[in-house]
């Protein structure tokens with residue numbers, strides 16, 4: 001779908017104030033357009049993080065963990081099988097070891113996506129019992145694990161839930177919390193923590209900060225000799241960006257601190273190995289590396305293999321082992337790309353049958369018996385981007401049920417839509433959960449058509465025609481003086497991401513030459529600012545007009561040792 005290209009409003013007073021405070025003029029304009037009003041908001045020092053005490057449950061969690069450490073009890077992390085869950089698990093295990101856990105008392109389990117499903121299920125509790133735990137700690141999951149926590153209590157275990165997902169709702173529309181001993185989740189009722197968008201790995205990092213404070217009060221160490229938990233921020237940054245959470249001020253500080261350490265060469269061996277496997281330079285690390293290079297390699301393990309490979313890579317201090325595991329993750333990711341490509345081709349055929357006249361329905365729901373459960377979320381995201389519709393893609397799970405993953409568009413809260421389906425048609429959803437823009441559910445194969453109809457109905461009710469038009473927010477024209485390698489480096493140094501998008505400029509250009517490269521990428525030579533510029537549009541095979549308005553970002557194209565600035569085109573209009 002061709003997007004409508006919009007230009008962000010730049011509040012002149014905010015832009016002027018930032019520039020007067022010493023912010024680069026281009027950055028001042030970009031930051032002001034993204035809601036930044038003062039230089040204080042750009043201060044990424046650790047001292048500016050929201051205090052852990054403001055995150056409900058951290059003090060109680062710290063006491064529970066400290067008591068368990070003092071008693072020498074075994075602690076088992078219950079991880080998730082995505083990058084956020086993997087990094088949260090690594091942060092928890094590394095952090096607890098730094099804070100005095102006795103050797104041999106820390107363990108983890110991670111569900112197999114196809115076998116165990118998501119979160120702390122009774123089956124996972126039974127699996128964790130092999131480690132003789134006194135305490136289970138969920139990371140990036142657990143807020144909806146009512147049955148699993150009941151099972152843990154039956155077995156005499158205590159449970160600490162650390163999560164960031166939305167809790168389940170009862171029939172009256174009120175959130176219901178599991179009976180865990182302690183819950184730390186910014187989205188639980190009564191929590192006033194300002195960064196509701198913090199990732200699961202960030203929540204676990206905050207719990208460790210609170211635990212360190214508790215241990216100081218117990219005279220385990222003083223402020224001068226306390227463990228440096230900031231050494232874990234490379235993992236926190238990776239998990240935060242890879243989970244595509246909103247990069248609010250607090251999250252940007254966490255990511256900026258992690259990037260700073262990586263660029264200085266201070267990172268876990270597994271992070272360094274992942275950069276090497278991806279062919280990326282850690283000295284020039286950017287948030288984009290997390291989202292498009294490292295994150296997908298870790299996620300691939302959870303999608304097609306076993307996330308213990310990824311977690312082990314993040315936990316090992318052996319550089320050789322880390323390199324071997326990173327290469328294995330890279331190989332799994334290549335396999336994931338092949339599976340995804342095949343699924344996308346099949347999805348396109350299904351869409352042709354679904355839309356014979358080319359008219360896109362208000363929501364898209366697809367299923368094919370050959371779809372792979374581990375890749376449904378990626379395919380749903382690709383289709384959502386192309387069609388600009390809430391999209392669900394289903395595959396058959398190992399238990400014979402359909403496992404669906406959905407991606408949404410602005411104005412359509414996907415988890416709320418699932419909650420409404422569960423109320424209108426009780427029993428159709430075996431399990432569901434997620435966020436506004438991404439969610440998942442499990443249904444019977446016989447209920448697929450009913451689910452499809454129910455989601456279509458809600459989309460028709462909630463989505464105005466204007467919401468069905470894809471809009472692309474840009475930063476307007478780029479002045480000629482900023483079209484250089486120094487600007488590319490300046491922009492790459494900043495932290496961009498979800499809800500704080502990387503700069504996208506728009507200019508009208510004359511197209512001098514255009515040709516296909518690699519069969520599906522359009523290489524352009526254009527005239528802009530009376531200069532001939534290089535441009536490329538990845539995934540585009542159709543030619544553009546001789547005079548066209550392009551939305552693009554800047555990048556450096558290095559060839560035979562020579563670096564040239566090029567325009568990477570995102571859209572035309």
- Pairs where the first residue, in the range 261-279, is assigned by TED's automatic domain parsing to the domain that holds residue 319 and free of Cβ contacts under 8 Å to residues at least 40 places away in the same chain and the second is part of a helix (DSSP H, G or I) and surrounded by fewer than 24 Cβ atoms within 10 Å (Cβ to Cβ), C-beta under 6 Å, 6+ apart: 262/282; 263/283; 275/282
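Test residue 324 against the stated conditions and say whether it is assigned by TED's automatic domain parsing to the domain that holds residue 292, without any contact (Cβ under 8 Å) to a residue 24 or more places away in the chain, over 15 Å from residue 367 (Cα atoms) and part of a helix (DSSP H, G or I). Reasoning before the result, please.
Values: assigned by TED's automatic domain parsing to the domain that holds residue 292: yes; without any contact (Cβ under 8 Å) to a residue 24 or more places away in the chain: yes; over 15 Å from residue 367 (Cα atoms): yes; part of a helix (DSSP H, G or I): yes.
So residue 324 fits the description; yes.
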- Note on the structure: Residues in the range 266-285 that are buried (at least 22 other Cβ atoms within 10 Å of the Cβ) and in a loop (DSSP other than H, G, I, E, B) total 3
- Message: With the requirement that a residue be part of a loop (DSSP other than H, G, I, E, B) and in contact (Cβ under 8 Å) with a residue 24 or more places away in the chain, what does the range 149-172 give you?
- Response: 155, 157, 163, 164, 165, 166, 167, 171
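Considering 500, 451, 432, 483, which residue is at pLDDT 95 or above, outside the structural domain of residue 143 (by TED's automatic domain parsing) and within 26 Å of the chain's Cα centre (by Cα)? Please lay out each step first, then the result.
On the way: 451 fails: within 26 Å of the chain's Cα centre (by Cα); 432 fails: at pLDDT 95 or above; 483 fails: within 26 Å of the chain's Cα centre (by Cα).
Result of the check over 500, 451, 432, 483: 500.
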- Counting only residues in the range 289-314 that are in contact with a helix residue (DSSP H, G or I) (Cβ under 8 Å, 6 or more places away or on another chain) and not in a helix (DSSP H, G or I), the one farthest from residue 333 (Cα to Cα) is identified as 307
- When only residues in the range 90-103 that are part of a loop (DSSP other than H, G, I, E, B) and touching a residue at least 24 places away in the same chain (Cβ under 8 Å) count, which is farthest from the chain's Cα centre (by Cα)? 102
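Given the criteria within 24 Å of the chain's Cα centre (by Cα), under 20 Å from residue 1 (Cβ atoms) and either outside the structural domain of residue 440 (by TED's automatic domain parsing) or not in a loop (DSSP other than H, G, I, E, B) (or both), does residue 382 qualify? Spell out how you get there, then give the answer.
On the way: within 24 Å of the chain's Cα centre (by Cα): yes; under 20 Å from residue 1 (Cβ atoms): yes; either outside the structural domain of residue 440 (by TED's automatic domain parsing) or not in a loop (DSSP other than H, G, I, E, B) (or both): yes.
When the stated conditions are applied, residue 382 passes them.
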- Conditions: (1) part of a helix (DSSP H, G or I); (2) surrounded by fewer than 24 Cβ atoms within 10 Å (Cβ to Cβ); (3) in contact (Cβ under 8 Å) with a residue 40 or more places away in the chain. Residue 317 meets all but one. Number of the miss? (1)
- Could you list, in sequence order, the residues of the range 144-164 that are surrounded by 21 or more Cβ atoms within 10 Å (Cβ to Cβ) and touching a strand residue (DSSP E or B) at 6+ places or on another chain (Cβ under 6 Å)? 144, 149, 152, 159, 160, 161, 162
- Take the range 402-439 and flag every residue that is out of contact with any helix residue (DSSP H, G or I) (no Cβ under 9 Å at 6 or more places or on another chain) and in contact (Cβ under 8 Å) with a residue 60 or more places away in the chain. 415, 419, 423, 431
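Residues in the range 114-130: is at least one out of contact with any strand residue (DSSP E or B) (no Cβ under 8 Å at 6 or more places or on another chain) and touching a residue at least 60 places away in the same chain (Cβ under 8 Å)?
Applying the first criterion (out of contact with any strand residue (DSSP E or B) (no Cβ under 8 Å at 6 or more places or on another chain)) to the range 114-130 yields 114-116, 121-123, 126, 129-130.
Filter once more, keeping what is touching a residue at least 60 places away in the same chain (Cβ under 8 Å): 114-115.
Checked against the condition, which is being out of contact with any strand residue (DSSP E or B) (no Cβ under 8 Å at 6 or more places or on another chain) and touching a residue at least 60 places away in the same chain (Cβ under 8 Å), the range 114-130 yields at least one hit.
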- Message: Given the condition over 20 Å from residue 200 (Cα atoms) and out of contact with any strand residue (DSSP E or B) (no Cβ under 9 Å at 6 or more places or on another chain), answer yes or no: does some residue in the range 81-90 qualify?
- Response: no
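Just wondering, is there one or more residues in the range 97-109 that are more than 30 Å from residue 222 (Cα to Cα), buried (at least 16 other Cβ atoms within 10 Å of the Cβ) and in contact with a strand residue (DSSP E or B) (Cβ under 8 Å, 6 or more places away or on another chain)?
Filtering the range 97-109 down to residues more than 30 Å from residue 222 (Cα to Cα) leaves 109.
Still in the list and also buried (at least 16 other Cβ atoms within 10 Å of the Cβ): 109.
Next, only the ones that are in contact with a strand residue (DSSP E or B) (Cβ under 8 Å, 6 or more places away or on another chain) stay: 109.
So far as the range 97-109 goes, yes, one or more of its residues are more than 30 Å from residue 222 (Cα to Cα), buried (at least 16 other Cβ atoms within 10 Å of the Cβ) and in contact with a strand residue (DSSP E or B) (Cβ under 8 Å, 6 or more places away or on another chain).
Do you know which of the residues in the range 119-148 that are part of a helix (DSSP H, G or I) and under 26 Å from the mean Cα position of the chain (by Cα) is nearest to residue 311 (Cα to Cα)? First the steps, then the outcome.
Here is the first cut: in the range 119-148, the residues part of a helix (DSSP H, G or I) are 122-131, 146-148.
In the following step, the residues that additionally are under 26 Å from the mean Cα position of the chain (by Cα) were identified as 124, 146, 148.
On the way: 124: 17, 146: 26, 148: 22 Å.
For the range 119-148, the residue satisfying everything is 124.
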- Query: Counting only residues that are over 30 Å from residue 192 (Cα atoms), in a helix (DSSP H, G or I) and under 26 Å from the mean Cα position of the chain (by Cα), how many does the range 1-42 have?
  - Reply: 1
- Item | Selection within the range 20-42 - in contact with a helix residue (DSSP H, G or I) (Cβ under 6 Å, 6 or more places away or on another chain), in contact (Cβ under 8 Å) with a residue 24 or more places away in the chain and surrounded by 21 or more Cβ atoms within 10 Å (Cβ to Cβ) | 29
- Task: Would you mention how many residues in the range 43-81 are at pLDDT 95 or above, in a loop (DSSP other than H, G, I, E, B) and buried (at least 21 other Cβ atoms within 10 Å of the Cβ)?
- Result: 3
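Conditions tested, residue by residue: (1) surrounded by fewer than 24 Cβ atoms within 10 Å (Cβ to Cβ); (2) part of a loop (DSSP other than H, G, I, E, B).
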position: 193; (1), (2): yes, yes
position: 198; (1), (2): no, yes
position: 201; (1), (2): no, no
position: 235; (1), (2): no, no
position: 241; (1), (2): no, no
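Taking the range 243-265, which residues are part of a loop (DSSP other than H, G, I, E, B), over 20 Å from the mean Cα position of the chain (by Cα) and at negative phi? It would help to see each step written out before you state the result.
Start the filter on the range 243-265 by keeping residues that are part of a loop (DSSP other than H, G, I, E, B), which leaves 243-248, 264-265.
Still in the running and over 20 Å from the mean Cα position of the chain (by Cα): 264-265.
Within the range 243-265, 264 is the sole residue that qualifies.
The values are calculated or read from the model by the stated rules, or taken from the named source; none is laboratory data. Owing to the predicted nature of the structure, the values given are computational and were not obtained by experimental measurement. Here the Cβ is made from the backbone with ideal geometry for all residues, glycine too, and neighbour counts use every protein chain on show.
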